[in-house]
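Comments concern the structure below.
The values are calculated or read from the model by the stated rules, or taken from the named source; none is laboratory data. Just so it is clear, the model here is predicted, and its values are computed rather than measured. Every residue, glycine among them, receives a Cβ derived from its backbone with ideal geometry; neighbour counts consider all protein chains shown. Accessible surface areas use protein heavy atoms only, side chains included; no ligands, DNA or RNA. Shrake-Rupley method; radii C 1.70, N 1.55, O 1.52, S 1.80 Å.
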Amino acid sequence: MSVPSMASVSVGDELAGREHTCDHVQLFLYNAVLFNAHRIHYDLPYATEVEGYPGLVIAGPQIGDWMVQCADNWIGDDGMVVGIEYSNRLASYLGETLTTGGTVTAVDTDARTVTLDMYVKNENGDVVTPGVVTVRLDG
């Protein structure tokens, strides 16, 4: 994968996506780091019988982090994420495969920034998390 430079980036460029399938260990560790003890992330009977979810729920910040990782992977070591906005719109569940991706929507050569319209989609192709990530390119 080639790292983008200000000279090579154009509106409409697409980022290479990545698939993520969260397992029990990833879900547990992520929520432990956040000190997030909400039972929907580790207690299946509680999540399904009390809260009514079809399974254990992947933490929203974890999904947002996957989205930002997609942008970070795209810029490599020659840039920096300088802005993040996202909104989790649909719940996602343990075992689902989620796909990240994005498209360049603006290039500011003076500020050396690129605005990316980002998404995380579920297996049905529904956008569970739309977002905007702004990156600064040094190259």
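Using a 1.4 Å probe, what is the accessible area per residue for the chain, in Å²? List each step's numbers first, then the result.
Working: 7540 Å² over 139 residues.
Each residue of the chain exposes 54 Å² on average to a 1.4 Å probe.
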- [ ] Multiply the residue gap between Thr105 and Ser5 by 0.36 nm, knock off their C-alpha separation, and tell me the result in nm, one decimal place.
- [x] 34.5 nm
Open item on the list: If you consider only alpha-carbon coordinates, what radius of gyration and Dmax does region 9-54 have, in Å?
Closed with: 16.4, 49
Open item on the list: Considering only protein heavy atoms and a probe of 1.4 Å, how much of the accessible area of region 45-139 is carbon and sulfur, as a whole percent?
Closed with: 43
- [ ] Please arrange His24, His41 by accessible surface area, largest first, computed with a 1.4 Å probe and ligands excluded.
- [x] His24, His41
Task: Distance in nm between pseudo-label sites at Ser87 and Asp126 (7 Å out along the Cβ direction from Cα) - done: 1.6
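What does the charge count around Met118 come to, taking other residues whose C-beta lies under 14 Å from its C-beta (Lys +1, Arg +1, Asp -1, Glu -1)?
Its environment carries a net charge of -3.
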Task: Accessible-area value, Ser8, 1.4 Å probe, nucleic acids and ligands omitted, Å² - done: 70
TODO: Quote the accessible area belonging to Tyr53 in square angstrom, nearest 10, computed with a 1.4 Å probe and with ligands, DNA and RNA left uncounted.
DONE: 70
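Tell me, in nm to one decimal, what length is gained between Met80 and Glu14 on full extension, where the rule is 0.36 nm per residue of separation less the Cα-Cα distance? List each step's numbers first, then the result.
Details: separation 66, 0.36 × 66 = 23.76 nm, distance 1.79 nm.
Contour length minus Cα-Cα distance gives 22.0 nm.
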Task: Options (i) 54, 29, 23; (ii) 54, 28, 19; (iii) 61, 37, 33 - which one matches Cα extents along the principal axes in Å as calculated here - done: (i)
